[in-house]
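Asker: This is the structure I want to talk about, given as structure tokens.
The values are calculated or read from the model by the stated rules, or taken from the named source; none is laboratory data. Given the structure is predicted, the values throughout are model-derived calculations rather than measurements. Cβ placement follows ideal geometry from the backbone for every residue including glycine, while neighbour counts extend to all protein chains displayed. All accessible areas refer to the heavy atoms of the entire protein, side chains included, with ligands and DNA or RNA removed. Shrake-Rupley method; radii C 1.70, N 1.55, O 1.52, S 1.80 Å.
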Amino acid sequence: VARHVRTADWLEAHLDNHGTDLTDVVAHHRFTAYQTSVALGLDTRPYAGPALTALRRAARRAAMLNAFDAASAHLARASQLVVSTVDSLGSAVVDQLGVELLGIELSLHTDESGYLAGAGPARLAELATMLYRARDHDGAARAWTLLGQTAWLRQDRAEALRSLDRAVELFDSCPDSPEKAQAYAELGRLHMLNYEHGPALGAAQIAADIAERLDLVEMRAGALITIGMCRYLAGEPTGLVELRDALEFCRTQRLPSLRRARGAVADALAEEGDLAGARAVLEGLSGQASLEVLDAGGSLPAIEALYAGDWDRFLDVAESFLSTPDGSRDLRVRGARGWLRALRGDGEGAESDATTVLRTARSTGFWRPMWTALGNGAFAEAVLGRSDDAERLLRELGESWRRMRTIASGAWVAAAAHAATRVDPETALLLRDALGDAPHHTAWSRAAMSCVDGSLLAAKGEYVAAAMRYLDGAQRFADVGSTTDRMLALGGVIRALSSAAEPRSGEGRAASSAAAQLGTAADRTASAAAPAPTAEVPVAAVQNELTDFARRNRIVSPW
């Protein structure tokens, strides 16, 4: 017994056991000392308390590293120890509460859906209050951190912010610890997700500083990912570089955060239009790789089918995915299904999806889901012929997004542009002006702006110039790898040149002389199998491809 106690004492005294890998070793020696004292019939009180503390620390450390089997093993021993010492330890109540808190934390991480659907969140709130009343501010702060994560999973930003603010307030009176660093890290990540760049960087930097002082390599990596993503979303040139550096750091150190780092870099590459690069980064990962976004990527097969222009496959995947708990939170897949249904003539289904995404997004308090719902919802409304509703949604999107000074995400900007080409020029101009003020332009935003420019030129009667801008947008969407968006842009070419067939201000006469230019542009955007346009019919290849695409995907609405 004495040897195990002295070993644990020496480790804690000489190695500052704050969340290091030695927590498992200390827990082993403390618990072995306790077990041996029980076997020898000794007084267990000198050994029970330290053993329980060490086991709780080791379990929490393992949980923070996603080593849930190890955490469960430590928790089982701690639970056994609490039961056997409940009458002999003065701190039994606090210990019981702390062990129960660990159990809820493990259920959150290992069975998220079951935890959210069960009594876990309500009990967690009770534990936070009980631990605070027991003057265990560290435990109460940890409970509030978990409550913040719970609200985050439910996309309740206001509750998540309130809980995490309460956590860091309680931790202010506590010494640096892994739990304190994580509270600041979660707060920074929450602000980052809502494009609140200043508060996000401040909280994440505090987390990184604590992690560095305590030599918490994994925690520091997580904070660096948040900082890099925040700077990327703010349009800073160093953002993607910092994300790649964080990825390499996680890979070199073989950290559990490697999964999140890969997802974050893939998110950024996808926004830049490098879908192949994003796929390469995610290669070999199963399930959801990233939590950096709240509305996209939940069903990668559905989004891939949409990009490929295979609408039947998209609908099949979306149907099964949207009925799952993850699907209920994925507004991009449901929003895209809304306007796709509208193009297929399913007005009732389109209206249902558009209404659902807007209602869900407004309840979250996060900007990204809101913009995704507004962009995709506006496109569905425009296709259904409800111009007033589409214009209202686009105006709300443009005004709210412009205030945040962040990149225009591919999750909504293409759909918003397709909607803008079908509404009045004044609304389209407002969206175009907002996009022009972006701190950083991605391949998606540039393609979207080309399409909106096309609609504005057509509104002025400059039909050939409008067709050229639509063709530019189609080529940009092709470069990104989205066949669906490319075809929708090519639809703008036909609409513009159909208007040019009716002479107005000499534009109809200009159409003939511009045939060679249009033919060259159409060659770039039409597939190799399509016939090349001729001088007499400069858009024949585009028209043929559109007809084939519409037939294959059963499009019935004008597009």
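Asker: Kindly indicate whether I210 is surrounded by 18 or more Cβ atoms within 10 Å (Cβ to Cβ) and in contact with an Asp or Glu (Cβ under 9 Å, 6 or more places away or on another chain). Can you show your working first?
Answerer: On the way: surrounded by 18 or more Cβ atoms within 10 Å (Cβ to Cβ): yes; in contact with an Asp or Glu (Cβ under 9 Å, 6 or more places away or on another chain): yes.
Yes: the conditions hold for I210.
Asker: Please find, among P531, P558, the residue that is open to solvent by 20 Å² or more (accessible area, probe 1.4 Å), modelled with pLDDT of 70 or more and either outside any helix (DSSP H, G or I) or among the β-branched types (V, I, T) (or both).
Answerer: P558
Asker: Okay, moving on. Would you mind listing the helices (runs of 4 or more DSSP H) fully within the range 23-132 where at least 3 residues are among the charged types (D, E, K, R) and within 30 Å of A151 (Cα to Cα)?
Answerer: The qualifying helices (runs of 4 or more DSSP H) are 45-64, 92-110.
Asker: Does S400 satisfy being open to solvent by 20 Å² or more (accessible area, probe 1.4 Å) and among the hydroxyl-bearing types (S, T, Y)?
Answerer: Taking the combined requirement at face value, the residue does not satisfy it.
Asker: Tally up the residues in the range 313-342 that are open to solvent by less than 30 Å² (accessible area, probe 1.4 Å) and in a helix (DSSP H, G or I), please.
Answerer: Keep residues of the range 313-342 that are open to solvent by less than 30 Å² (accessible area, probe 1.4 Å), which gives 314, 318, 321-322, 327, 330-331, 333, 335-340, 342.
Right, trim to in a helix (DSSP H, G or I) and you get 314, 318, 321, 327, 331, 333, 335-340, 342.
Counting residues in the range 313-342 that are open to solvent by less than 30 Å² (accessible area, probe 1.4 Å) and in a helix (DSSP H, G or I) gives 13.
Asker: Any residue in the range 408-420 that is buried (at least 22 other Cβ atoms within 10 Å of the Cβ), of a type in the set (F, W, Y) and under 22 Å from the mean Cα position of the chain (by Cα)?
Answerer: Yes: the range 408-420 contains one or more residues that are buried (at least 22 other Cβ atoms within 10 Å of the Cβ), of a type in the set (F, W, Y) and under 22 Å from the mean Cα position of the chain (by Cα).
Asker: Run down A122, A183 and say which single residue is among the aliphatic types (A, V, I, L, M) and surrounded by fewer than 23 Cβ atoms within 10 Å (Cβ to Cβ).
Answerer: A122
Asker: Pick from R402, R392, R386, R422: which is more than 30 Å from D346 (Cβ to Cβ) and not polar (S, T, N, Q)?
Answerer: R402
Asker: Return the pairs, sorted by first residue and then second, in which the second residue is modelled with pLDDT of 65 or more and among the aromatic types (F, W, Y), the first residue lies in the range 77-88 and is open to solvent by less than 50 Å² (accessible area, probe 1.4 Å), the beta carbons are less than 8 Å apart, and the residues are 6+ apart or on different chains.
Answerer: Filtered contacts from the range 77-88: L81/F31; L81/Y34.
Asker: Going residue by residue through the range 253-260, is there one that turns out to be within 22 Å of V217 (Cβ to Cβ), out of contact with any helix residue (DSSP H, G or I) (no Cβ under 7 Å at 6 or more places or on another chain) and free of Cβ contacts under 8 Å to residues at least 60 places away in the same chain?
Answerer: Checking the range 253-260: at least one residue is within 22 Å of V217 (Cβ to Cβ), out of contact with any helix residue (DSSP H, G or I) (no Cβ under 7 Å at 6 or more places or on another chain) and free of Cβ contacts under 8 Å to residues at least 60 places away in the same chain.
Asker: Please determine, by comparing only the residues of the range 187-198 that are open to solvent by 20 Å² or more (accessible area, probe 1.4 Å) and in contact (Cβ under 8 Å) with a residue 12 or more places away in the chain, which one is farthest from I227 (Cα to Cα).
Answerer: H191
Asker: From V241, V293, grab the single residue that is outside any helix (DSSP H, G or I) and either modelled with pLDDT under 95 or under 23 Å from I407 (Cα atoms) (or both).
Answerer: Numbers: V241 fails: outside any helix (DSSP H, G or I).
Only one candidate qualifies: V293.
Asker: Going through the range 439-460 one residue at a time, which ones are more than 26 Å from the chain's Cα centre (by Cα) and open to solvent by less than 10 Å² (accessible area, probe 1.4 Å)?
Answerer: S450, C451, V452, G454
Asker: Then there's this: Just give me the residues in the range 45-60 being more than 42 Å from the chain's Cα centre (by Cα), more than 17 Å from Q96 (Cβ to Cβ) and buried (at least 21 other Cβ atoms within 10 Å of the Cβ), in sequence order.
Answerer: Of everything in the range 45-60, just one residue is more than 42 Å from the chain's Cα centre (by Cα), more than 17 Å from Q96 (Cβ to Cβ) and buried (at least 21 other Cβ atoms within 10 Å of the Cβ), namely Y47.
Asker: Moving on. Which residue is farthest from A411 (Cα to Cα), if the candidates are limited to the range 233-252 and must be open to solvent by less than 30 Å² (accessible area, probe 1.4 Å) and without any contact (Cβ under 8 Å) to a residue 40 or more places away in the chain?
Answerer: C250
Asker: Of the residues G436, G385, which single one is more than 20 Å from H197 (Cα to Cα) and more than 26 Å from the chain's Cα centre (by Cα)?
Answerer: Unique residue meeting the criteria: G385.
Asker: Please enumerate the residues belonging to the range 105-114 that are in contact (Cβ under 8 Å) with a residue 12 or more places away in the chain and open to solvent by less than 70 Å² (accessible area, probe 1.4 Å).
Answerer: Those that are in contact (Cβ under 8 Å) with a residue 12 or more places away in the chain and open to solvent by less than 70 Å² (accessible area, probe 1.4 Å): E105, L106, S107, L108, H109, E112, S113.
Asker: For the range 97-124, give me the residue count where each residue is of a type in the set (A, V, I, L, M) and touching a Lys or Arg at 6+ places or on another chain (Cβ under 8 Å).
Answerer: Total meeting the criteria: 5.
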